[in-house]
Amino acid sequence: MLQGIDVSNWQGTVDWAGHAEAGVAFAFAKATEGGDYTDKWFARNWNGMRESWIVCGAYHFARPKGDPIEQARHFLNVIRSAGGLRRGDLIALDLEDDDGLRPERVARHARRWCHHVERHTGVRPFIYTFQAFAHGGNCAGLAEYPLWLASPHSPRGRPPVPRPWRDWTIHQYASSPVDRNVFHGTRQELTRLGFDPR
């Protein structure tokens with residue numbers, strides 16, 4: 001299984017070369033949240049991953065109360081200004097807050113965001129979520145997207161999979177001192193889920 005981490009502004013400066021030497025093969029960095037927030041460390045993280053030959057992933061923290069298309073455009077603009085997508089780069093939607101909305105509205109927001117991003121990049125985003133949130137119906141209609149499941153209380157690589165999914169693709173199995181993930185497959189299999197310039 002490939003080892004990965006995920007980071008946001010909470011981590012501050014990340015030692016990407018050190019993580020790469022320690023066996024980290026892929027990573028996700030927070031890029032945006034809602035329609036106008038940009039993580040101030042994103043560009044530095046994006047380039048740090050790239051320079052360390054770590055498979056690069058960017059994620060957007062969904063705010064379902066806002067406009068999903070506006071949020072998707074903001075996310076893609078932030079990636080573009082940090083150097084853009086290259087072959088194998090990954091995209092994810094962090095879906096863990098309902099903003100007080102009903103599950104069907106949360107799920108519709110996520111589907112619309114994913115469709116926009118997929119149409120403009122050719123990349124099918126990962127959905128990052130956790131069991132209880134998915135069980136509540138907030139992920140309806142998202143089974144076609146690969147599941148990145150936060151399940152720190154499960155044995156590494158053996159999380160219980162919530163509906164609508166049948167299987168997990170990335171398992172976040174620990175959250176301290178940094179979020180740790182595993183991908184069940186090879187580096188080549190992972191990058192196949194990412195950007196293809198053709």
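The values are calculated or read from the model by the stated rules, or taken from the named source; none is laboratory data. What you are looking at is a predicted structure, and each value in this text was computed from that prediction instead of being measured. Because the Cβ atoms are built from the backbone with ideal geometry, glycine has one as well, and the counts that use them run over all protein chains shown. Surface accessibility is based on the protein's heavy atoms, side chains included, excluding ligands, DNA and RNA. Shrake-Rupley method; radii C 1.70, N 1.55, O 1.52, S 1.80 Å.
One residue stands out among those in the stretch 88-120 that are among the acidic types (Asp, Glu) and not in a loop (DSSP other than H, G, I, E, B): the one that is farthest from Asp196 (Cα to Cα), which is Glu104. Filtering the stretch 4-41 to residues that are among the polar types (S, T, N, Q), without any contact (Cβ under 8 Å) to a residue 40 or more places away in the chain and open to solvent by 50 Å² or more (accessible area, probe 1.4 Å) leaves only Thr13.
So which of Pro103, Pro146 ends up being over 16 Å from the mean Cα position of the chain (by Cα), open to solvent by less than 70 Å² (accessible area, probe 1.4 Å) and not aromatic (Phe, Trp, Tyr)?
Values: Pro146 fails: over 16 Å from the mean Cα position of the chain (by Cα).
On inspection, the qualifying residue turns out to be Pro103.
All conditions but one from (1) in a helix (DSSP H, G or I); (2) in contact with a helix residue (DSSP H, G or I) (Cβ under 6 Å, 6 or more places away or on another chain); (3) open to solvent by less than 20 Å² (accessible area, probe 1.4 Å) apply to Ala58; the one that does not is (1). A count restricted to the stretch 164-198 and to residues that are among the basic types (Lys, Arg) and part of a loop (DSSP other than H, G, I, E, B) stands at 3.
Please verify whether Arg44 is open to solvent by 70 Å² or more (accessible area, probe 1.4 Å) and in a helix (DSSP H, G or I), treating the condition exactly as stated. Against the criterion (open to solvent by 70 Å² or more (accessible area, probe 1.4 Å) and in a helix (DSSP H, G or I)), Arg44 qualifies.
Is it the case that the stretch 112-132 has a residue that's open to solvent by 30 Å² or more (accessible area, probe 1.4 Å), of a type in the set (Ser, Thr, Tyr) and under 29 Å from Asp15 (Cα atoms)? No, that holds for no residue.
Checking the conditions here, which among Leu147, Leu85 is under 20 Å from Met49 (Cβ atoms), aliphatic (A, V, I, L, M) and touching a helix residue (DSSP H, G or I) at 6+ places or on another chain (Cβ under 9 Å)?
Details: Leu147 fails: under 20 Å from Met49 (Cβ atoms).
Answer to the selection: Leu85.
Conditions (1) in contact with a strand residue (DSSP E or B) (Cβ under 7 Å, 6 or more places away or on another chain); (2) within 21 Å of Pro159 (Cα to Cα); (3) modelled with pLDDT under 95, marked per residue:
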residue: Ile79; (1), (2), (3): yes, no, no
residue: Leu85; (1), (2), (3): no, no, no
residue: Gly88; (1), (2), (3): yes, no, no
residue: Ile91; (1), (2), (3): yes, no, no
residue: Glu96; (1), (2), (3): yes, yes, no
residue: Arg105; (1), (2), (3): no, no, no
residue: Trp113; (1), (2), (3): yes, no, no
residue: Val117; (1), (2), (3): yes, no, no
residue: Asn138; (1), (2), (3): no, yes, no
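Across the stretch 175-198, the qualifying residues are those that are surrounded by 14 or more Cβ atoms within 10 Å (Cβ to Cβ) and more than 18 Å from Arg124 (Cα to Cα), and the one among them that is modelled with the lowest pLDDT is Val178.
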